1. Output the residues belonging to segment 31-54 that are touching a helix residue (DSSP H, G or I) at 6+ places or on another chain (Cβ under 9 Å) and crowded, with 16+ Cβ neighbours inside 10 Å.
2. What single numbered condition from (1) at pLDDT 90 or above; (2) out of contact with any helix residue (DSSP H, G or I) (no Cβ under 8 Å at 6 or more places or on another chain); (3) crowded, with 18+ Cβ neighbours inside 10 Å fails to hold for residue 99?
3. Looking at the structure I just gave you, is residue 148 outside the structural domain of residue 48 (by TED's automatic domain parsing) and at pLDDT below 70?
4. How many residues are modelled with pLDDT under 90, more than 18 Å from residue 93 (Cβ to Cβ) and assigned to a loop (DSSP other than H, G, I, E, B) if we restrict to segment 16-66?
5. Just to verify a result, which residue in segment 67-88, among those that are under 17 Å from residue 30 (Cα atoms) and touching a strand residue (DSSP E or B) at 6+ places or on another chain (Cβ under 7 Å), is surrounded by the most Cβ atoms within 10 Å (Cβ to Cβ)?
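The values are calculated or read from the model by the stated rules, or taken from the named source; none is laboratory data. It should be emphasised that the depicted structure is a prediction, and the values quoted were computed from it without experimental measurement. Note: ideal-geometry Cβ built from the backbone for every residue, glycine included; neighbour counts use all protein chains shown.
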């Protein structure tokens, strides 16, 4: 299962006051939705019998939460399907109305995260090419130390710190 982020706007918009079960199911929907290439939409399988073991709630509460998410919501930010979050297709399979929205936001964050990782790697390479931090280079230039490595804390063996217990020999 892939890791997916919970959207903080879920906790400050029209779902507020809907109850714990509705938030749990919606979070599950966001994380478990999959692209259905035949129908060209995001779908999720919400079998109440399975979800009772996932959430530890009764089948009635799970079903009530799913029904809540299928109702029209005039206060919803996404106006498709009258603000419904889910539309039942066949059996336990539901169309995730805002699936494309969540996927686009996820991809935008992945792009930003990737850019941040690339920038971090670039800075590391640049620092290594310069020969250490500015403090280390300045200390070497002033003659305070022979090399930048002298400024770094020496690694000590656990035995030198008294952290290793004496080994007893078996009888």
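1. Once the filter is applied, which keeps residues that are touching a helix residue (DSSP H, G or I) at 6+ places or on another chain (Cβ under 9 Å) and crowded, with 16+ Cβ neighbours inside 10 Å, segment 31-54 yields 33, 41, 42, 43, 44, 46, 48, 51, 52.
2. Just one mismatch for residue 99, condition (1).
3. yes
4. Number satisfying all stated conditions: 4.
5. Going through the qualifying residues, I end up with 86.
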